[in-house]
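Notes follow once the structure below has been shown.
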Amino acid sequence: MRYLRGIYIIWLREVIRFFREKTRIVGMLGQPLLYLLIVGNGLAATFKVPDAPPGFSYVQFMYPGILGMAVLFTSIYSAISIVWDREFGFLKEVLVAPVPRWTVAVGKALGGSTVAVMQGTIFILLAPLIGVALSPLMVLKLMGVLLVMAFAITSLGITIASRMETMEGFQMIMNFLIMPLFFLSGAMFPLRGVAPWMETLMRLDPLTYGVDALRNIMYGDTPLRDFLVQFSLGLDLLVVAAMALLFVGTGALAFNRQD
Amino acid sequence: MSDAVIQVENLVRKFKDLTAVRGVSFQVARGEVFGFLGPNGAGKSTTIKMLATLLKPTAGRALINGYDVVRQQDRVRRSIGLVFQDPSLDERLTARENLFFHAMLYNVESRVFKRRMQEMVEMVELTDRLNDPVKYFSGGMKRRLEIARGFLHYPQVLFLDEPTVGLDPQTRSKIWEYIHALRQRENITIFMTTHYMEEAENCHRIAIIDHGEIVAMDTPANLKKLVGGDIITILTTRAGEMADRLAERFGLRAAGQGNILRVEVEQGEAFIPLLVREMGEDIKSVTLHKPSLDDVFLKLTGREIREESVSAVDRIRVFRRGRRR
């Protein structure tokens, strides 16, 4: 009970705070839309994807990738707020409270992923606008995958943020971790046809499997499947789940550490 | 076991090659107000952090309410409340929400919480601001809310780490009124740190800490005796004659130059009437100087408490608070 209490409080705070920040909500929805509309349409006009089957549009390819990106950025942002909390003290209030510290990490990860899934869901509901047909069941499956992805990424962010002292480090993390994870995830361009060394990197990026899982669910039953999807849904889910378990473990450990 | 609610033996904390706390030992009795007085960097906050389970001691032992701060952290955390040097409120949440989260974290029953919250915010006069987001609060209001929050879960010991740093003098004395009123009501033990001499007067006992060591520990009155008694300065027309009479009549050795005499007595305010009755016709004026904790600190450490550097830090704090988010 007292574990659940700790997790619940931290989660609740995260969600309440999210709804208080109007600019954050706007920014969270605006950024992926911007990517999708401007980058997606721009790239679609310039590039021809090799061997594209008839009826394929680049935006269809990119849409699941942008969904993954939205979740990635939102999750990391949530996790990074730990550094703010440390700098401005609220973290101390939580750390001296009689709740185990790992529950703080888990609550935080759940709070961040809840926020990310809310954003992702709004984004999923825009699917008809760009010509992707989704059934209610598919929407639920997508939300499920997004939740596990978001939980994994928030936990990774918490692991890193628990060691960070200032916000200055955040830019480094963005440049050297988050952007490469995003670009190598196959969100913007497909795995096939890139240089071998790059393909290796892309296969090592756990996010690749998350984005592939989203494509699996969206296009698994369409003729586009063979062209858009890389791995089996089973493998995708396995990697994403393993990533979630691993990072929530490291996050909890990082939080339990006492100086 | 004694009735000491805080027992500290030889507590040491090292950071890499810096030893912040060098083996401090003390005990605090239940209901006592105990203060750590010392300049910034003396090891006050490090000690509080160790007692509050935020830092592990490098060596030594500390018991709070009978529980070990290393091995029984959860029990220790239940026994204490904390008001940190820097605000630790969530500024986006309202005052009520901040208190609510605290009550949840400390497992205060919701019925108890409602009653308790009303009592506490009434004490610190924030009842009509309960539903406002904390970011619109002044520094003093935030402090008051934090103090109310610190008392909320009926702690045995309340730690106040520089509770009034960065606040203006009126707000500071108001904060102390609240703390004393609450303390008397709840019979709680208070452990506080400060570098403001006049605030240390609020304590029953003070430990003066410098470079990580306790250099003196006693009541404020006894500490002041370390620097001697009260100094009485007399302006007189006949210095030489009066010096003789002071020696003869009161057994006092007067020092002085020209027409000024200085004598040291124990109870200055009681001595002045006697003095005036005996030799009033020769006295032009009398000044009484009671020794302050500043004098004690100066005598014990050979330095003034570093007020200038301290106020620079305060200024940065105030600045940071102002532009926060």
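The values are calculated or read from the model by the stated rules, or taken from the named source; none is laboratory data. Values in this document were obtained by computation on a predicted structure and should not be read as measured data. Methodologically, a virtual Cβ is constructed for each residue, glycine included, from the backbone with ideal geometry; neighbour enumeration extends over all protein chains shown. Accessible surface areas use protein heavy atoms only, side chains included; no ligands, DNA or RNA. Shrake-Rupley method; radii C 1.70, N 1.55, O 1.52, S 1.80 Å.
Once region B:127-139 is narrowed to residues that are part of a helix (DSSP H, G or I) and out of contact with any strand residue (DSSP E or B) (no Cβ under 8 Å at 6 or more places or on another chain), the residue that is surrounded by the fewest Cβ atoms within 10 Å (Cβ to Cβ) is B:Asp128.
Going by the structure shown, is A:Met118 open to solvent by 10 Å² or more (accessible area, probe 1.4 Å), under 23 Å from A:Gly6 (Cα atoms), more than 14 Å from every other protein chain (Cβ to nearest Cβ) and among the hydrophobic types (A, V, I, L, M, F, W, C)? Taking the combined requirement at face value, the residue satisfies it.
Output the strands (runs of 3 or more DSSP E) that fall wholly within region B:1-75 and possess 1 or more residues being in the same structural domain as B:Glu213 (by TED's automatic domain parsing) and among the acidic types (Asp, Glu), or say none.
Because the criterion is at least 1 residues that are in the same structural domain as B:Glu213 (by TED's automatic domain parsing) and among the acidic types (Asp, Glu), the strands (runs of 3 or more DSSP E) in region B:1-75 that meet it are B:4-15.
Counting only residues that are under 23 Å from A:Gly144 (Cβ atoms), of a type outside the set (Asp, Glu) and in contact with an Asp or Glu (Cβ under 8 Å, 6 or more places away or on another chain), give me the helices (runs of 4 or more DSSP H) lying completely in region A:35-132 with at least 2 of them.
Working: elements: A:41-46, A:58-87, A:90-95, A:101-124.
Fully inside region A:35-132 and qualifying: A:101-124.
Filtered by the rule that a residue be within 28 Å of B:Lys142 (Cβ to Cβ) and surrounded by fewer than 20 Cβ atoms within 10 Å (Cβ to Cβ), region B:55-72 gives a lone residue, B:Asn65. Residues in region A:129-156 that are open to solvent by 60 Å² or more (accessible area, probe 1.4 Å) and touching a residue at least 60 places away in the same chain (Cβ under 8 Å): A:Lys141 only. Of the helices (runs of 4 or more DSSP H) contained entirely in region B:184-286, those carrying at least 1 residues that are of a type in the set (Asp, Glu) and surrounded by 12 or more Cβ atoms within 10 Å (Cβ to Cβ) fall at B:197-200, B:239-250, B:268-279. Can you tell me which residue within region B:82-101, out of those that are touching a residue at least 24 places away in the same chain (Cβ under 8 Å) and part of a helix (DSSP H, G or I), is farthest from the other protein chains (Cβ to nearest Cβ)? Across region B:82-101, the extreme among qualifying residues is B:Ala95.
Taking the conditions exactly as written (over 21 Å from A:Val99 (Cβ atoms) and within 14 Å of chain A (Cβ to nearest Cβ)), does B:Ser25 satisfy them or not?
Numbers: over 21 Å from A:Val99 (Cβ atoms): yes; within 14 Å of chain A (Cβ to nearest Cβ): no.
So B:Ser25 fails the test.
Residues A:Arg20, A:Arg13, A:Arg5: which one is open to solvent by less than 30 Å² (accessible area, probe 1.4 Å) and basic (Lys, Arg)? Step by step, each of A:Arg20, A:Arg13, A:Arg5 is checked, and only A:Arg13 is open to solvent by less than 30 Å² (accessible area, probe 1.4 Å) and basic (Lys, Arg). Taking every residue in region B:195-208 that is of a type in the set (A, V, I, L, M, F, W, C) and pairing it with any residue that is assigned to a loop (DSSP other than H, G, I, E, B), at least 6 positions away or on another chain, the pairs with Cβ-Cβ distances below 7 Å are B:Met197/B:Ser292; B:Met197/B:Ile305; B:Ile208/B:Gly38. Of all residues in region B:102-126, those satisfying the criterion of being open to solvent by 60 Å² or more (accessible area, probe 1.4 Å), away from every other protein chain (no Cβ under 13 Å) and either small (Gly, Ala, Ser) or farther than 12 Å from B:Leu152 by Cβ (or both) are B:Arg111, B:Glu122, B:Glu125. Just one of the numbered conditions (1) within 14 Å of chain B (Cβ to nearest Cβ); (2) under 18 Å from A:Met62 (Cα atoms) is not true of A:Leu224: (1). Within region B:148-174, the only residue that satisfies the criterion of being open to solvent by less than 10 Å² (accessible area, probe 1.4 Å), at pLDDT below 85 and hydrophobic (A, V, I, L, M, F, W, C) is B:Val165.
Does A:Arg86 fit the bill of being touching a helix residue (DSSP H, G or I) at 6+ places or on another chain (Cβ under 9 Å), modelled with pLDDT of 85 or more and open to solvent by 10 Å² or more (accessible area, probe 1.4 Å)? Considered against the rule, which asks whether it is touching a helix residue (DSSP H, G or I) at 6+ places or on another chain (Cβ under 9 Å), modelled with pLDDT of 85 or more and open to solvent by 10 Å² or more (accessible area, probe 1.4 Å), A:Arg86 comes out as no.
Name the single residue, out of those in region A:184-196 being open to solvent by 30 Å² or more (accessible area, probe 1.4 Å) and modelled with pLDDT under 90, that is nearest to A:Tyr35 (Cα to Cα). Show your work before the answer.
Going through region A:184-196, the residues open to solvent by 30 Å² or more (accessible area, probe 1.4 Å) turn out to be A:184, A:189-190, A:192-196.
Next, from what is left, pick out any that are modelled with pLDDT under 90: A:189-190, A:192-196.
Working: A:Phe189: 14, A:Pro190: 17, A:Arg192: 22, A:Gly193: 23, A:Val194: 22, A:Ala195: 25, A:Pro196: 27 Å.
Ranking the candidates gives A:Phe189 first.
Quick one: which helices (runs of 4 or more DSSP H) lie wholly within region A:155-259 and hold at least 2 residues that are over 30 Å from A:Ser135 (Cα atoms)?
Details: elements: A:168-173, A:179-183, A:196-204, A:206-219, A:225-228, A:233-256.
Output list reads A:168-173, A:179-183, A:196-204, A:233-256.
Taking the criterion of being open to solvent by less than 10 Å² (accessible area, probe 1.4 Å) and within 30 Å of A:Gly131 (Cβ to Cβ), would at least one residue in region A:38-48 satisfy it? Within region A:38-48 (the criterion being open to solvent by less than 10 Å² (accessible area, probe 1.4 Å) and within 30 Å of A:Gly131 (Cβ to Cβ)), the answer is yes, since at least one residue qualifies. If you go through region A:8-43 and keep only what is more than 19 Å from A:Ser75 (Cβ to Cβ), within 14 Å of chain B (Cβ to nearest Cβ) and either in contact with a helix residue (DSSP H, G or I) (Cβ under 9 Å, 6 or more places away or on another chain) or touching a residue at least 24 places away in the same chain (Cβ under 8 Å) (or both), you end up with A:Tyr8, A:Ile9.
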